[in-house]
Structures are given as structure tokens and as C-alpha cells.
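This report concerns only the one structure given below.
The values are calculated or read from the model by the stated rules, or taken from the named source; none is laboratory data. None of these values were measured; they are calculated from a predicted model. All Cβ positions, even for glycine, are placed from backbone atoms using ideal geometry, and neighbour counts span all protein chains on display. The accessibility values were calculated without ligands, DNA or RNA, using every heavy atom of the protein model including side chains. Shrake-Rupley method; radii C 1.70, N 1.55, O 1.52, S 1.80 Å.
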Amino acid sequence: MEQFSTYIPTQIQFGSGSLESLGREKLPGKKALIVVSAGGSMRRHGYLDRTVALLKKQGIDSVIFDKILPNPILSHVMEGAALARQEGCDFVLGLGGGSSIDSAKSIAVMVNNPGDYWDYINGGSGKGKPVTEAVLPIVAITTTAGTGTEADPWTVITNQDKNEKIGFGTPDTFPTLSIVDPELMLSVPPKLTAYQGFDAFFHAAEGYIANIATPISDLYALESVRLISRYLPRAVADGNDIEARSQVALANTLSGMVESTSSCTSEHSMEHALSAFKPKLPHGAGLIMLSKAYFTHFASVVPQRLAELAAAMGEETSAVPEADRPMLMVTALEKLQRACGVDELKMSDYGLEKAQIPAYAQNARNTMGGLFEMDRAPLSEQEVIAIYEKAYR
């Protein structure tokens, strides 16, 4: 067995009603910048008021920054950091989906560090400078099950001026405390439930086929895949099914642990390019569009791993010849997408153009080239273009 290292320093409070733990857990400061989306759902559903009240119960003040977009952008990171400095906030709390929590992490980096956030980004036009000043502590309260960002250090921000959507993280961008309360997920609409659930699925599946997978990440990945395959259709069909919501939430947190102990692969780079050009494309939807072509390509690269994923998804692999087992994963993926009502997604519906595929391929490698290095066999530029073309509708 190869040597490996694992590090997940986040305290996670999981389960229905766990939001209430915010009123009693030791928190990392006395004044929070609460980062939420611009959509207003955190106010509409009462989650923001509850969060503010639970902080007050511990004598903690808060300031609200409510401009975050579904694909969070660089200018809002800088604006949020300026507000935190101005208000004297000593920790950042992300409340909502991955966009709010990712933004909270990036804002926490920029409160004390000079210059522009893109100065610290590796890839694209980023300057790759080291983060030298203290990152503010981060608390994450997730109201969706998709990104796993509550259990990993990663944050994804878009530089709209450059069409660059790039992931970033340091050991200090792990949340100190994460709260995963499935009751806060009951309000997520069916389509978003599906998109987010598939995002978690691909974090786990990619982490399982990545070349840095470990025995620990494999355990997290296979269980995440098993839970999503079994419970995501139920959560999509009935958003009030608290058992299904809880199991998908657990799968999502496990997928974040996969990202902390293994890595995503080039599928994520390829999707980031799509939503960098078309920010209204939900990340999970983009991954769904790419997935059949992507995993079909890798069936011949990692056949045993795909066969094991197929088994975790409920396929009876022993009943078919060994050579056919890897493609059972793609078959199971198609079944799961049909069960969740997302099997007819088309890139063209989001304004993505077939003629632009070479530009998407170049963007994927230029901005998120590091994930291509996580593939077990290198993808050539022509192979990337071929996957996009097979996925395009």
C-alpha cells in the first residue's frame, strides 16, 4: 500500500435541527460577516434571521453581505472583504449554498491580504502569489447538498473580465465549524436538488478515479456514490422527504471529504470552462451534460474503478462479462439522470456553441490545468475536444 496523508480539520455538526448548535458551539470571533446570496431565499425562509439570533445568543454581532451570485464573482469577493475590514469583523460565516460558502472563504482570505484576489490564483491570468497574512476563520452553514465545500478548503470564483472560473484554497480555508442541517434543504426546488446532487456525485466519482485517490478517500467516495444513487431520486421527487434529504446531505459532506483527501479530475476543469463563458449555466447541469461522454472515455482507462462505481450505484456487475463491467457505470449514470429528470439537458439551451468547443477546451486547460494532472491517463487536446463534441446537443 502506498503512503498517504489525510487532513480534515473542520468540526462538523450534522443532522436535523443542528442549526441550533450555532447558539452553543465555541465560535472563532466576536463579530461575523454573514455572506448570503443575492436571491433573498435566506431571508424568505427565515434562515438568516435564525442565524443572526443564534449568534446574538452568544453575544456575537454580525454584518450582512448579500450580493453573491450563483457563480460567484471576483468583484464581490473584494467588496465583501472591504466591508469586513470596515466593520471590524473577525470571522466570516457563509450561509447558503456553495456560492455563499465559497465566497465566504475567498473573502476571509482577502480581509488581511493586500492587492487583488486574482493575485493569489494559480492558473489563467492569476499571479500565483502566496497568501502571507492571516486568513479570517470561517464558519459554514450549508442549505444545499452539492458542493461539499463545508468539508473541504476549496473555493471557486469567476473573473468575469477574463472568462476564468478557477478553484483555490489553502489549509486555512477549511471551515473551523460547519453545520449541515437537512431541514434547511427542504426548500430547495427539484431541479436544483438534482443539479446539486449530481455535483456531489461527480466530486465523489472523480475522486475515486483520480490518480491520488487513497484508501480513505475511496471509502468516502463509494459511500457517497451509493447514497446519491439510492436517495437523490427520492429527494427530487419529494423535497419534504427528510430521510432522503438527510442521506443526500451526508453524501454531499462525504464528497467534500473526498475533495480533501483525493481530487476532482479534468471533468471539473471542462465544466468550469462552460460556466465561465455562460455564468447562468448551473455547475451541476454542466457536469451532467459532460458526464456520459467523459466516463465513456475513461471506461478503458480505469475499467476496474468504473466497475466498482457501477456496483456502488446498484448494478449487478458479476452477472456480465468483466470487459463489459466498466460501461455499466455509464448505464447506471443514465438511469440516475432519467430518474432525476435531467437526462435531456442540452448545452445549446444555455447558448453554448459547438463552434466554440476548441475555445472551451483551451480555457479548461489554461485555467484549471492542475486537474488534468489528476487523470490516470493524460487527455490530449483532441481528446478533450472529442469529449465536448460527443456531449454537445
Pairs to check: Lys162/Lys354; Lys280/Lys346; Lys31/Lys280; Lys31/Lys165. Give those whose C-alpha atoms are more than 25 Å from each other in this structure. Lys31/Lys280; Lys31/Lys165
Given the options Val301, Val35, Val248, which has the most mean-square fluctuation in a GNM of the chain, springs set between C-alpha atoms less than 10 angstrom apart? Val301
Distance cut-off 26 Å, Cα to Cα: go down the list Lys30/Lys105; Lys30/Lys129; Lys191/Lys278 and report the pairs above it. Lys30/Lys129
Just going by the charge dipole of the chain, with Lys and Arg at +1 and Asp and Glu at -1 on Cβ, which of Leu33, Val330, Ala204 is farthest out on the positive end? Leu33
If I take R0 = 41 Å and measure r between the Cβ atoms of Ser300 and Thr170 in this structure, what FRET efficiency does the formula 1/(1 + (r/R0)^6) give, to the nearest 0.05? 0.70
Would you pull out the residues with amide H under 5 Å of Glu164's amide H, same chain only if 5 or more places away, H placed 1.01 Å from N? Asn159
Could you list which residues have their amide H under 5 Å from that of Thr147, counting only those 5 or more apart in sequence or on another chain, with H placed in the peptide plane? Gly98
With only alpha-carbon pairs counted, each pair once and no self-pairs, how large is the Kirkwood hydrodynamic radius of segment 50-198 in angstroms? 15.7
Which residues' amide hydrogens lie under 5 Å from the amide hydrogen of Ser178, considering only partners 5 or more residues apart or on another chain, with H built in the peptide plane? Gln11, Ile12, Gln13, Ala140
Across the Cα atoms of segment 272-393, what radius of gyration and what greatest pairwise Cα-Cα distance (Dmax) are found, in Å? 15.1, 43
Which of rounded, prolate, oblate describes segment 234-319, given a ≥ b ≥ c as roots of the alpha-carbon gyration tensor eigenvalues and a/c under 1.5 marking rounded, otherwise prolate only if a/b is larger than b/c? oblate
Honestly segment 52-91 on the Cα gyration tensor test (a ≥ b ≥ c root eigenvalues; a/c under 1.5 rounded, otherwise a/b vs b/c for prolate or oblate) is just oblate
Taking N as the number of residues in segment 183-308, what is its alpha-carbon radius of gyration divided by 2.2 N^0.38 Å? 1.03
Over segment 146-266, what is the relative contact order in percent, taking alpha-carbon pairs closer than 8 angstrom and at least six residues apart? 36
Where nothing but the Cβ of Lys and Arg (+1) and of Asp and Glu (-1) is charged, how large is the charge dipole of the chain around its Cα centre, in debye to the nearest 20? 800
Taking 7 Å along the Cα-to-C-beta vector as the label spot, tell me the Val63-Ser5 distance in nanometres, rounded to one decimal. 3.6
Between segment 312-344 and segment 195-216, what is the C-alpha centre distance in whole Å? 16
In nanometres, the difference between 0.36 nm per residue of separation and the alpha-carbon distance of Asn211 and Arg43 is 56.2 nm
Hz values of 3J(HN,Hα) by residue in segment 190-205 - Karplus curve (6.51, -1.76, 1.60), Gly and Pro given as x: x, 4, 5, 4, 5, 4, 5, x, 6, 4, 4, 4, 6, 4, 6, 5
Need the C-alpha centroid separation for segment 228-258 versus segment 43-108, integer Å. 25
Comparing Arg50, Arg24, Arg325 in a Gaussian network model of the chain (Cα, 10 Å), the one with the largest mean-square fluctuation is Arg24
Relative contact order (%) - the chain, alpha-carbon pairs under 8 angstrom, separation at least six: 16
Once a ≥ b ≥ c are taken as the square roots of the eigenvalues of the Cα gyration tensor of segment 22-94, is the result rounded (a/c under 1.5), prolate (a/b larger than b/c) or oblate (a/b not larger than b/c)? oblate
Residue-level accessible surface for Ile242, protein heavy atoms, 1.4 Å, Å²: 70
Tell me, in nm to one decimal, what length is gained between Asn112 and Gln86 on full extension, where the rule is 0.36 nm per residue of separation less the Cα-Cα distance? 8.2 nm
Length-normalised contact order for segment 303-393 - Cα pairs under 8 Å, 6+ apart - percent: 23
accessible surface per residue for the chain, probe 1.4 Å, DNA/RNA/ligands not counted, whole Å² -> 39
Mean-square fluctuation check for the chain, GNM, Cα pairs under 10 Å: which of Thr331, Thr155, Thr132 is largest? Thr132
To test your reading of the geometry: what angle, between 0 and 90 degrees and rounded to tens, separates the Cα axis of helix 242-261 from the longest principal axis of the chain? 90
Two-decimal Rg/Rh of segment 97-165 from alpha-carbon positions, Kirkwood Rh? 0.97
Run the Debye formula on the Cα coordinates of the chain, all scatterers equal and no solvent, and tell me log10 I(q)/I(0) at q = 0.06, 0.07, 0.08 1/Å. -0.21, -0.29, -0.38
On a full-extension model of 0.36 nm per residue, what is the gain between Ser75 and Arg376, subtracting their alpha-carbon distance, rounded to one decimal in nm? 104.8 nm
For segment 6-130, Rg(Cα) over 2.2 N^0.38 Å is 1.09
